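Enquirer: Below you will find the structure I want to go over with you.
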Amino acid sequence: MYITDLLTLLLAATPLVLANPIVQQRDEDRPNEAVFLVHCDVYQKGQDQSPNGRRDKLWYYKDYKDSQNNGVQTDEDFASNSGDKSKHVEWASGTMDNPIKGIVDKRNSRCGAEMRCYDNAKSSWKQDFGAKMYQICSAKYYCTRKERKIRRTQVTIYSTIETVQITGHQYSDMNDIKVQADVREAYASLKQHMKANAADGAGYKIGDSNWEIQYTVNRPEKKGDPYFEEDKINQISDMLAKQMYPELMKNDKITGISKTPVKPGSSGKGVALATHNIPFPKEIKVVVQIADQAVLSWDDRDSVVAKVVNKNAKGCSTDKASSLALKAVFSAVSAVATGGYSALATGLGAVAGEVDAGFC
């Protein structure tokens, strides 16, 4: 079953809920369908200073993910009871006696499912509106199935730091290609760990350094489970490798500049060497979580703990500033996605970072 062909919105209460859906059976289920309550300003191309019209509508998507990245809606309708045409629709003004309504997905009119609406501050679209016009739209609210599970990924950066020392091959060069490759590939070793089906605590060297990353992986979901995804841990590896690399390289400090000895009788000048000191978080924990969207009581699913270890090192240090900077990286990732991503969809969902106290 899916949403009513006459969609009735009651937005006067919190949390927002769709009122009195019509329930009818159909063969095709759309558990991730969504309706966005959209304000649109219409502009004439070349005259962008101020809008010359408004087109506030209900936008219907067969799947929530289709709404992302300027996605085009499956269907749409003007809202009833739109009030003053010179102003945007007050979506929260609906009442039991005078609700806001709209007909959506009229091409598939056999429908029905109760929905629940949520605050939504991040969705925006820019669409052509005929040959000479375009519209800029945003949605303060979106609505999904009331009984719907969503996914997010929590990245915890611990405040303790291991300063990893990697030998560079370019004299006093902050853009040493070898060092960059070693740092970029550090967390990609998680893929090796999974491919080898290695035991927890197996270590993978960071370049030619004396440090390694040790992984502990927990996968409570098994093949055949509704939210299982074979590639999930590899996705975590890709995310860590991509997001950690630029922030780690920002803090690279060079010491111990030297040259390799020249062999007697050789015309060579020796190879310039430098030690790159790069602060890695001693521990990162990544947890994929699932919750009922209406309740948001998060349940841990797949998780990875990555520890940077040097058995001969004297100890680690605390660097909360670096940890906060890395947290901000993952908060920026979460700004690209929202909690509306379904637990049934592929991917990591919304990604959020946090900092916790670490121990040496």
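The values are calculated or read from the model by the stated rules, or taken from the named source; none is laboratory data. These figures come from a predicted structure and were not determined experimentally. Here Cβ is always computed from backbone atoms with ideal geometry, including for glycine, and neighbour counts include all displayed protein chains. Side chains included, ligands, DNA and RNA excluded: accessible areas come from the protein's heavy atoms. Shrake-Rupley method; radii C 1.70, N 1.55, O 1.52, S 1.80 Å.
Enquirer: Determine ³J(HN,Hα), in whole Hz, for all residues of the range 296-313 in sequence, where each value follows from phi through the Karplus function 6.51 cos²θ - 1.76 cosθ + 1.60 and θ = phi - 60°; x replaces Gly and Pro.
Expert: Rounded to whole hertz, the list is 6, 9, 7, 10, 5, 10, 4, 9, 9, 10, 10, 10, 8, 9, 9, 5, 9, 6.
Enquirer: Which ³J(HN,Hα) values in Hz, rounded to whole numbers, follow from the phi angles of the range 40-45 under the Karplus curve 6.51 cos²θ - 1.76 cosθ + 1.60, where θ = phi - 60° and Gly and Pro get x?
Expert: In residue order, the calculated couplings are 10, 9, 9, 10, 8, 4 Hz.
Enquirer: Turning to a different aspect of this structure: Enumerate the aspartates and glutamates that LYS250 could reach by cross-link, defined here as Cα to Cα under 17 Å, with residues fewer than 8 away along the same chain left out.
Expert: GLU162, ASP173, ASP176, ASP182, GLU185, ASP319
Enquirer: Would you mind getting the accessible area per residue of the range 205-255, heavy atoms of the protein chains only, 1.4 Å probe, in Å²?
Expert: 51 Å²
Enquirer: Which cross-chain or sequence-distant (5 or more) residues have an amide H under 5 Å from the amide H of THR74, H modelled 1.01 Å from N in plane?
Expert: Counting only residues 5 or more places away or on other chains, the set is TYR60, TYR61, LYS62.
Enquirer: Same structure, new question: I'd like the FRET efficiency for TYR134 and VAL295, computed as 1/(1 + (r/R0)^6) with the beta carbon distance as r and R0 of 45 Å, rounded to 0.05.
Expert: According to the calculation, E is roughly 0.70.
Enquirer: Also, quick follow-up: Could the peptides 284-292, 210-218 be put in order, highest first, of the mean number of other beta-carbon atoms found within 10 Å of their residues?
Expert: 284-292, 210-218
Enquirer: Right, here's the next one. Using amide H atoms built 1.01 Å from N in the peptide plane, name the residues 5+ places from ARG54, or on other chains, whose amide H lies under 5 Å from its own.
Expert: Answer set, sorted by chain and number: VAL42.
Enquirer: So, in nm, how far is label SER331 from label ASP200 when the simple model puts each one 7 Å beyond its Cα toward the Cβ?
Expert: Roughly 3.1 nm, to one decimal.
Enquirer: Gain in length, LYS45 to GLU247, computed as 0.36 nm per residue apart minus the alpha-carbon separation, to one decimal in nm?
Expert: This chain segment gains 68.7 nm when fully extended.
Enquirer: Ignoring ligands, DNA and RNA, please state the percent of accessible area on the range 125-226 from carbon and sulfur, probe 1.4 Å.
Expert: Exposed carbon and sulfur together represent 47 percent of the surface.
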